[in-house]
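S.K.: Structure provided below as structure tokens; questions to follow.
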Amino acid sequence: MHAAATTSTRLHERARGRGVNPVVYWAVRALLQPFFHLYFRFRRDGREHIPAEGPVIIAANHRSFLDPFVIGMMTRRPVYYVAKRELFANRLVGWFLSSLGAFPVTRGAADQDMFATARSILARGGVVLIFPEGTRTRPGPLGRAKRGVGRLALETGAPVVPVAVAGTEDVRRGWRIRPRRVRIAAGRPLTFPRMPNPSPQVAAAVVQRIWPEVEALWTSLGGAASPATAPREAAPAAEPVVAALPPAPRTAGNPRATAA
């Protein structure tokens, strides 16, 4: 337990300080991008909605282990993302994932180290990818979003770009990677007022603004519509907060989606 905690601390310090390993990150990207285009018939819509500079939170659905790599192809900037702590148990795998921008999270708990690392990356103008569902969801509609992404958006004031990925859930069968069409779409950024210590109700209200945007993109890609969009952790008192929260102005951008 002590060794695992030490490893987790070291990985967080690396993400906060040195960041990605540029040699590993850009080499892997150079290999994966043509592979994705050829093998998965990869289509990317709305890339222009991801700001070219400054802090950005990407909020996306999660269907496959490939999702962080696929989403990373939406921007020329390194994308940092949270990954479950168990993936870092193997030292070599942990080093590789950390070199690509991953940092650990303890699922099922309010991991303060994870939030501190995400805030540190955003403070230096980086891109942080969050999967609000908290874990992979497949098949069928999207899962319910947790309020962590709302808290992070309020604490940092960083714009949130909704992103949906479709097709990755059918890629893996055992150790075999099958050729399936993969599509990804990004919407216009959403911004929210900055709050140093947002309440759980306000954070949940922000998620209620973000997650329907992800679901709309998901259905536009052919995904099944969800029967409900309320976040799992939303309290009954969140509804009045939603009404009182200022509208989330969308950053101006080209409304025409692009594919590449």
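S.K.: Is region 1-160 rounded, prolate or oblate when judged by the Cα gyration tensor, a ≥ b ≥ c being the square roots of its eigenvalues, rounded requiring a/c under 1.5 and prolate requiring a/b larger than b/c?
M.R.: rounded
S.K.: So for the pair E13, T106, with labels modelled 7 Å out along Cα→Cβ, what separation do we get in nm?
M.R.: The modelled label-to-label distance comes out at 1.8 nm.
S.K.: Subtracting the Cα-Cα distance from 0.36 nm times the residue separation, let me have the gained length for R76 to R180 in nm, one decimal.
M.R.: Between R76 and R180, full extension yields 35.0 nm more.
S.K.: Once phi is turned into ³J(HN,Hα) by the Karplus curve 6.51 cos²θ - 1.76 cosθ + 1.60 with θ = phi - 60°, what whole-Hz value does each residue of region 113-120 show in order, with x for glycine and proline?
M.R.: 5, 4, 5, 5, 5, 4, 5, 5
S.K.: Another question, then. Give the separation of the Cα centroids, region 109-174 to region 10-24, in Å.
M.R.: Cα centres, region 109-174 to region 10-24: 19 Å.
S.K.: For labels at E86 and R194 in the simple 7 Å Cα→Cβ model, what's the distance in nm?
M.R.: About 3.8 nm, to one decimal.
S.K.: On full extension of the chain, what length is gained from R41 through R29, given 0.36 nm per residue of separation minus the C-alpha to C-alpha distance?
M.R.: Extra length from R41 to R29 when fully extended: 2.7 nm.
S.K.: Sorted from fewest to most neighbouring beta carbons within 10 Å, what does the list W95, W175, W211 look like?
M.R.: Starting with the residue having the fewest Cβ neighbours, the order is W175, W95, W211.
S.K.: To continue, here is another question. May I ask you to compute the full-extension gain from D170 to T219, defined as 0.36 nm times their residue separation minus their alpha-carbon distance, rounded to one decimal in nm?
M.R.: Here the segment from D170 to T219 would lengthen by 16.0 nm.
S.K.: By counting other Cβ atoms within 10 Å of each Cβ, how are H37, H49 ranked from fewest to most?
M.R.: Ordered by Cβ neighbours within 10 Å, fewest first: H37, H49.
S.K.: Antiparallel as a % of all DSSP beta bridges within region 2-244, to the nearest 5?
M.R.: 30
S.K.: Where does each of 75-86, 191-202, 156-167 land if you order them by average Cβ count within 10 Å, highest first?
M.R.: My ranking of the peptides, most packed first, is 156-167, 75-86, 191-202.
S.K.: Okay, moving on. What ³J(HN,Hα) values, in whole Hz, does the Karplus curve 6.51 cos²θ - 1.76 cosθ + 1.60 give for region 44-59 when θ = phi - 60°, with x put for Gly and Pro?
M.R.: With coefficients 6.51, -1.76 and 1.60, one gets 10, 10, x, 4, 5, 7, 8, x, 6, 7, x, x, 9, 10, 9, 10 Hz.
None of the figures in this text is laboratory data; all of them are computed from the coordinates on show. Predicted model, so just to flag it, every value in this text is computed and none were measured. With ideal geometry, Cβ positions are generated from the backbone for all residues, glycine too; neighbour counts draw on all protein chains shown.
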